[in-house]
Amino acid sequence: MKISKSFIPTLKEVPADAVIPSHILMLRSGMVRMLSAGIYSFLPLGYKVIKKISNIINEEMVAIGGQEFLLPALNPREIWEETGRVEAFGDTMFHLKNRDYVLAPTHEEIMTFHAKGTMKSYKDMPQIWYQIQTKFRNEARPRSGIIRGRQFLMKDAYSFDSTWEGLDESYAKHYKAYQNIFDRCGIEYFVVGASSGAMGGSKSEEFMVKSDAGEDTVAHCKSCGYAANVEVAQSVIEPIKRNGESKENFEISTPNIHSIDELCEFLKIDERETAKSRVYIFDKKPILVLMSGNDEVNETKLESILGGEVRPAHPEELVEITGAEAGSIGPIDFKNSIIADNRLKDGNNFYSGANKTDFHIGGIDLKRDVENIEYSDLRTIESGEECTRCGKTLDVFKAIELGHIFKLGTKYSEAMGANFLNENGQANPIIMGSYGIGLDRVLACFIEQNYDDKGIVWKGPLAPFDIQILGLNMKKEIVEITSNEIYELLKNEGYDVLFDDRRDAKPGFKFNDAELIGIPIQVVISEKNIKENIVEIKIRQTGEKVLIEKDKLLEKLKELAK
RNA sequence: CGGAACGUGGCGCAGUCCGGUAGCGUACACGGCUGGGGGCCGUGUGGUCGCGGGUUCAAAUCCCGCCGUUCCGACCA
């Protein structure tokens with residue numbers, strides 16, 4: 001491809017709206033352009049990489065028996081009502097204004113619809129169906145370039161099995177396929193146990209990339225490899241020991257004290273002597289959640305314990321329920337159910353809110369003073385805590401979710417009546433799994449992991465071209481002739497070559513553009529060198545330069561490819 | 001959805017406080033020079049100052065409303 005005839009609009013300056021490296025570099029290298037918040041056009045260079053990613057995915061999906069579909073993005077809303085997911089997705093789903101259609105955010109329902117009509121016998125299974133297609137989600141706040149968009153490319157696969165063992169196998173095949181895909185793409189990732197959330201199902205794992213631009217938080221143990229989304233992560237926390245004789249409850253005036261830190265400062269006590277109260281609404285009823293000190297409530301854990309969605313109570317509700325404002329709420333005389341974190345189990349001599357604004361109570365003995373209290377693991381874990389598996393230190397950091405695999409079970413097949421007959425002629429719901437990869441995110445994450453101060457550093461199969469030729473002064477006949485000659489030579493050898501043949505660009509301009517686009521190998525042709533029958537090879541990643549006789553170029557390139 | 005900032009040629013920005021000729025850099029076109037790290041000189045093209053309303057003799061500038069974009073937070077199958 002000759003640059004003079006290509007549309008690769010590089011930018012010298014950093015666009016004002018871009019913040020994270022992958023976004024900046026994709027815009028600057030002419031791979032993508034934004035159309036609207038969270039909606040991007042792929043330009044030829046960017047789309048070339050996307051196609052390389054999808055080829056790898058296709059190969060690995062076919063290798064596990066996957067069959068490729070292409071489903072409509074435009075769906076009748078009715079079918080989403082069958083599984084209750086119009087409500088579950090809520091505002092995240094796009095609805096059309098002039099017809100009862102929605103834009104599909106995923107395709108469990110549609111795949112189940114097709115399975116329902118055709119897979120009537122256990123003999124029809126297992127099946128793996130997948131597609132690479134555009135998904136739509138009305139994200140409240142798109143961010144980080146293509147990492148979180150309202151429209152994005154997803155490979156979504158679905159497995160259909162007649163037995164639970166079959167589901168385990170299908171799941172394991174996808175797990176392996178995902179490892180192959182991300183390994184081949186050259187991405188550094190790790191796998192974490194995750195919450196299935198509203199997708200439903202029994203088990204799910206996420207393929208993650210460590211990144212400050214991530215929106216998930218994960219815990220990872222370097223020592224034993226334990227990794228989990230903080231939504232479900234656990235750590236070793238001993239319950240706080242009982243502290244001497246329990247005192248009588250006593251009330252203290254604590255004017256304008258709202259936080260645990262302020263309370264500790266005011267009373268000169270340690271945060272572990274306090275019990276923080278949070279009121280949530282579950283099933284329209286209030287529930288008091290009691291945490292030690294500044295420990296944060298993990299709402300995902302709370303929801304899975306209660307078996308449904310919760311939301312924090314509004315300030316007005318707090319007053320109505322407890323008689324006090326936030327900051328002065330506590331377990332003593334709380335009228336509704338109470339659930340406390342394991343760390344507080346049976347503890348005594350705690351300070352907590354008095355359910356009277358600007359008052360706290362001391363000498364609280366949870367065993368003595370609070371009836372009907374339940375204990376559970378409710379904490380959000382923090383960096384530095386101990387791993388439950390090996391006792392070593394856990395790291396907690398941000399990560400981007402590249403892929404997510406779910407054992408769905410029969411949630412969708414039951415809801416939609418997708419049944420098959422087993423060996424005994426009995427009707428059973430099909431057992432399903434679903435498996436997703438964000439293609440845009442694979443691209444963005446690769447760049448997040450492979451760039452320097454000059455631009456992108458491509459390597460491996462995702463590189464949009466193998467080699468970039470720079471003809472330094474194309475107005476010189478010898479340079480023009482030789483660089484064209486080498487361009488044809490390399491093309492005939494099967495290399496995918498980008499040839500900077502622009503006549504009006506100065507060498508510095510070409511060098512900078514080449515570093516920005518980041519093709520792994522540059523072949524530089526200058527008047528000075530070519531007069532001595534020499535060309536220069538430059539490795540993008542290391543900056544290493546090799547001068548070599550023109551005739552030995554192919555040989556050297558083959559050597560470098562090893 | 002809560003908080004904050006921004007919106008001026010393709011891109012990056014100044015001008016707005018204190019109303020009075022719409023500017024700089026870059027890109028682009030043409031001519032010339034230059035040719036190993038985004039070069040130089042000259043001549044040009046290109047803008048409803050986000051949109052609507054109001055105040056005023058006069059609005060990019062002041063006031064009101066809306067829209068868009070970004071960041072922090074909430075949410076995120």
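Per-residue 3J(HN,Hα) values for the range A:162-170, derived from phi via the Karplus relation 6.51 cos²θ - 1.76 cosθ + 1.60 with θ = phi - 60°, read 9, 9, 5, 5, x, 4, 4, 5, 4 Hz in sequence order (x marks Gly and Pro).
Normalised by residue number, the volume inside the convex hull of the Cα atoms of chain A is 203 Å³ per residue.
Taking all protein chains as they are arranged and a probe of 1.4 Å, the heavy atoms of residue A:125 leave approximately 20 Å² accessible to solvent. Given their separation in residues at 0.36 nm each and the Cα-Cα distance between them, residue A:62 and residue A:377 gain 109.2 nm when the chain is fully extended. Residue by residue, the range A:360-371 carries 3J(HN,Hα) couplings of 10, 10, x, x, 7, 10, 4, 5, 8, 9, 10, 8 Hz when phi is fed to the Karplus relation 6.51 cos²θ - 1.76 cosθ + 1.60 (θ = phi - 60°); x denotes Gly or Pro.
Given a 1.4 Å probe and every protein chain left where it sits, what share in percent of the accessible area of the range A:259-307 is carbon and sulfur? Accessible surface attributable to carbon and sulfur in the range A:259-307 totals 47 percent. Stretching the chain fully between residue A:74 and residue A:320 yields a gain of 84.0 nm (0.36 nm per residue, less the alpha carbon separation).
Out of the GluC sites (Glu not before Pro) in the range A:366-398, which ones are loop residues according to DSSP with at most 10 other C-beta atoms within 10 Å?
Values: sites: A:371, A:374, A:382, A:385, A:386; in loops: A:371, A:382, A:385.
Listed in order of number, the matching sites are A:371.
As a calculated quantity, the FRET efficiency between residue A:335 and residue A:86 at R0 = 41 Å, using C-beta atoms, amounts to about 0.70. Amide hydrogen proximity for residue A:402: with H placed 1.01 Å from N in the peptide plane, the residues at 5 or more positions away or on another chain lying under 5 Å are A:207, A:208, A:209. For the range A:250-376, the calculated P(r), taken from all Cα-Cα distances in 5 Å bins from zero up to the bin holding the longest distance, is 2, 12, 24, 25, 21, 12, 3, 1 percent. Taking chymotrypsin sites (Phe, Trp or Tyr not before Pro) across the range A:1-94, the ones in a DSSP loop with at most 12 further Cβ atoms lying within 10 angstrom of their Cβ are A:7.
Using every Cα-Cα pair within the range A:148-272, state what percent have a distance larger than 20 Å.
Values: 5179 of 7750 pairs.
Taking all Cα-Cα pairs of the range A:148-272, the fraction more than 20 Å apart is 67 percent.
For every helix of n ≥ 4 consecutive DSSP H residues, a contribution of -39,500 (n - 2.57) applies; sum these over chain A, divide by its total residues, and give [θ] at 222 nm rounded to the nearest 500 deg cm²/dmol.
On the way: 16 runs with 156 residues, N = 562.
Calculated at 222 nm, the ellipticity per residue is -8000 deg cm²/dmol.
Working from label points 7 Å from Cα in the Cα-to-Cβ sense, the residue A:422 to residue A:140 distance is 4.3 nm. Among the protein heavy atoms of the range A:430-562, carbon and sulfur supply 47% of the accessible surface, probe 1.4 Å, non-protein parts ignored. Residues in the range A:206-211 carry Karplus couplings, in order, of 10, 9, 10, 10, 5, 6 Hz; the curve used is 6.51 cos²θ - 1.76 cosθ + 1.60 with θ = phi - 60°, and Gly or Pro positions show x. Put a dot 7 Å past the Cα of residue A:528, heading toward its Cβ, do the same for residue A:551, and the two dots end up 2.5 nm apart. Protection proxy ranking for A:531-540, A:203-212, using the average of other Cβ atoms within 10 Å per residue and placing the highest first: A:203-212, A:531-540.
Here the extension length gained between residue A:544 and residue A:393 equals 50.4 nm, from 0.36 nm per residue of separation less the Cα-Cα distance. Global dimensions of the range A:199-315 from alpha-carbon coordinates: Rg and Dmax equal 18.2, 52 Å.
Cysteine residues of chain A whose C-beta has no other cysteine C-beta under 4.7 angstrom: A:185, A:264, A:445. Here the range A:1-145 exposes an accessible surface that is 53 percent carbon and sulfur, computed with a 1.4 Å probe and the other protein chains kept in place.
Rounded to the nearest 0.05, what FRET efficiency do residue A:491 and residue A:37 give with R0 = 35 Å and r taken as the Cβ-Cβ distance? Could you check?
Numbers: r = 40 Å, r/R0 = 1.15.
Here the calculated transfer efficiency is 0.30.
Measuring only protein heavy atoms, the 1.4 Å probe finds residue A:300 accessible over about 40 Å².
Taking every DSSP beta bridge with both residues inside the range A:465-561, roughly what % is antiparallel (nearest 5)?
Numbers: 9 of 18 bridges.
For the range A:465-561, the DSSP antiparallel bridge percentage is about 50.
Only protein heavy atoms count here; under a 1.4 Å probe, residue A:513 has an accessible surface of about 20 Å². Heavy-atom accessible surface of chain A, averaged per residue, reaches 47 Å², computed with a 1.4 Å probe.
The values are calculated or read from the model by the stated rules, or taken from the named source; none is laboratory data. In this text the structure is predicted, and so the values were computed from the model without any measurement. FYI the Cβ positions are ideal-geometry reconstructions off the backbone, even for glycines, and counts take in every protein chain you see. Side chains included, ligands, DNA and RNA excluded: accessible areas come from the protein's heavy atoms. Shrake-Rupley method; radii C 1.70, N 1.55, O 1.52, S 1.80 Å.
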